[in-house]
Amino acid sequence: MTMKLYDYPRSGHAHRIRLFLSIIGESYESENVDMQKGEHKDPEYRKLSPLGQVPTFVDGDFVITDSTAALVYLAIKHGDERWLPRDAEGAARVQRWLSAASGEVYRGPVLARAGRQFARPVDLEGADRECKRLFKWMQAELAERTWLAADHATIADIAMYSYVRVVDEGDIDLSPYPAIVRWLEDVEKLEGFEPMPRAEAGGAK
Ligand SMILES: N[C@@H](CCC(=O)N[C@@H](CS)C(=O)NCC(=O)O)C(=O)O
């Protein structure tokens, strides 16, 4: 059965899923949800995504309306076990970063970019503070080891990558965090890597 991604190019949440699908070599259908036209709030789309959010990932009858949940699903169903270790400690280490990808990444890099690149009304000072807090932590972790959650790449790295890569679009400079820059480049060397689109072409957060 074909898998389908309801997608929007500039969405980092959607990019996480595209990136992982590409790395594990899974083919899928893609349907663009034009967020600029507000298609994510259409009643028809809300039947799939009650919150009216992008991305939505569908495999047969199973609908997933969250990027990190889709990564977990794909890692278990289609990926090599290394992407999501099954032992208690290994799984918790990955989950720690999946939570950050939905929490600190949203409150920092996502909102800084949404405010400055897409002129959304956000608390930019708050977003900048969150970015600093997050990047200080990531820098310390990544100065100690190559990957975020294990001694190899996991879905933690996939989930964290997309919005950190384009945080300069929120006017945040990564040069004080050399270990993060090194890690971004390491993710980009993974076989099957697919880049996060830049905002120049316009779009939503
Ligand atoms: N928890 C969701 C969040 C997805 C999300 O916030 N998507 C944004 C676009 S990148 C969105 O749809 N925003 C519109 C809204 O929340 O109303 C995920 O990880 O996929």
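The values are calculated or read from the model by the stated rules, or taken from the named source; none is laboratory data. As the structure is a prediction and not an experimental result, all values here were calculated from the model. Quick reminder, even Gly has a Cβ in these numbers, built from the backbone with ideal geometry, and neighbours come from all protein chains shown. The accessibility values were calculated without ligands, DNA or RNA, using every heavy atom of the protein model including side chains. Shrake-Rupley method; radii C 1.70, N 1.55, O 1.52, S 1.80 Å.
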Q: Taking amide H positions as placed in the peptide plane 1.01 Å from N, state which residues far from Asp34 in sequence (5 or more) or on other chains have amide H under 5 Å from it.
A: Glu39
**Q.** Residues with amide H under 5 Å from that of Arg10, placed H, sequence gap 5 or more
**A.** Ala204
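From the mean inverse distance of alpha carbon pairs (Kirkwood) and the Cα radius of gyration, derive Rg over Rh for region 26-128. Don't jump to the answer; show the numbers that get you there.
On the way: Rg = 16.2 Å, Rh = 15.9 Å.
Ratio value, two decimals: 1.02.
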Q) For the residue pair Arg129 and Glu191, what label-to-label distance in nm results when each label sits 7 Å from Cα along the Cα-to-beta-carbon direction? A) 4.6 nm
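Less than 15 Å Cβ to Cβ from Ala140, Lys/Arg counted +1 and Asp/Glu -1: what total charge do the surrounding residues give? Mind showing how you got there, number by number?
Working: positive: Arg96, Lys132, Arg133, Lys136, Arg145, Arg182; negative: Glu104, Glu141, Glu144.
Net charge in that neighbourhood comes out at +3.
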Q: Normalising by the residue count of region 75-149, find the relative contact order in percent from Cα pairs under 8 Å and 6+ residues apart.
A: 26 percent
Q: Using the charge dipole of the chain (Lys, Arg: +1 at Cβ; Asp, Glu: -1 at Cβ; taken about the Cα centre), state which of Leu71, Ala100, Ile155 has its Cα farthest towards the positive end.
A: Ala100
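Carbon and sulfur atoms: what percent of the 1.4 Å accessible area of region 83-205 do they account for? Don't skip to the end; give the middle numbers.
Numbers: 2850 of 5710 Å².
The nonpolar share, carbon plus sulfur, comes to 50 percent.
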Q) How far is it, in nm, from the label point at Val181 to the one at Gln36 when both lie 7 Å from their Cα along the line to the Cβ? A) 3.2 nm
Q) Hey, what's region 82-162 come to in accessible area per residue, 1.4 Å probe, Å²? A) 47 Å²
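Ranked from highest to lowest mean number of other Cβ atoms within 10 Å per residue, what is the order of the peptides 59-67, 152-160? Can you show the working numbers first?
Numbers: 59-67: 15.8, 152-160: 24.3.
Ranked from most to least packed, the peptides come out as 152-160, 59-67.
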Q) By how many nm would the segment from Arg120 to Asp61 grow when fully extended, if each residue of separation counts as 0.36 nm and the alpha-carbon distance is taken off? A) 17.8 nm
Q: Using the heavy atoms of the protein chains and a 1.4 angstrom probe, tell me the accessible area per residue for region 1-70 in square angstrom.
A: 48 Å²
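Under a point-charge model restricted to the Cβ atoms of Lys and Arg (+1) and Asp and Glu (-1), what is the dipole moment magnitude of the chain relative to its Cα centre, in debye to the nearest 20?
Working: 27 positive and 34 negative charges, 98 e Å.
I would put it at about 460 debye.
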**Q.** Label-point separation in nm, Leu48 to Glu81, each point 7 Å along Cα→Cβ
**A.** 3.3 nm
Q) Which net charge results for the neighbourhood of Ala70, defined as the other residues with beta-carbon distances under 11 angstrom from its beta-carbon, given Lys and Arg at +1 and Asp and Glu at -1? A) +1
Q: Could you give the spread of the C-alpha atoms of the chain along their three principal axes, from largest to smallest, in whole angstroms?
A: 45, 41, 26
Q | Fully extended contour minus Cα-Cα distance, from Lys136 to Ile24, at 0.36 nm per residue | A | 37.3 nm
Q: Count neighbours as other Cβ atoms within 10 Å of each site's Cβ, and list the trypsin sites (Lys or Arg not before Pro) in region 1-69 that are DSSP loop with at most 14 such neighbours.
A: Lys47
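Given axes a ≥ b ≥ c from the Cα gyration tensor, I'd like to know whether region 1-80 is rounded (a/c under 1.5), prolate (a/b larger than b/c) or oblate. Mind showing how you got there, number by number?
Details: a/c = 2.01, a/b = 1.61, b/c = 1.25.
Judged from the Cα gyration tensor, region 1-80 comes out prolate (a/c at least 1.5, a/b above b/c).
Would you mind getting me the FRET efficiency between Arg145 and Asp171? Use the beta-carbon distance for r and R0 = 25 Å, nearest 0.05. If you can, show how the numbers build up before the last one.
Details: r = 29 Å, r/R0 = 1.16.
Taking R0 as 25 Å, the efficiency between Arg145 and Asp171 is 0.30.
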Q. In a shell of Cβ-Cβ distance under 15 Å around Tyr45, excluding Tyr45 itself, what net charge do Lys and Arg (+1) and Asp and Glu (-1) give?
A. -1
Q.
Can you give me the C-alpha center-to-center distance between region 130-205 and region 33-50, rounded to a whole angstrom?
A. 28 Å
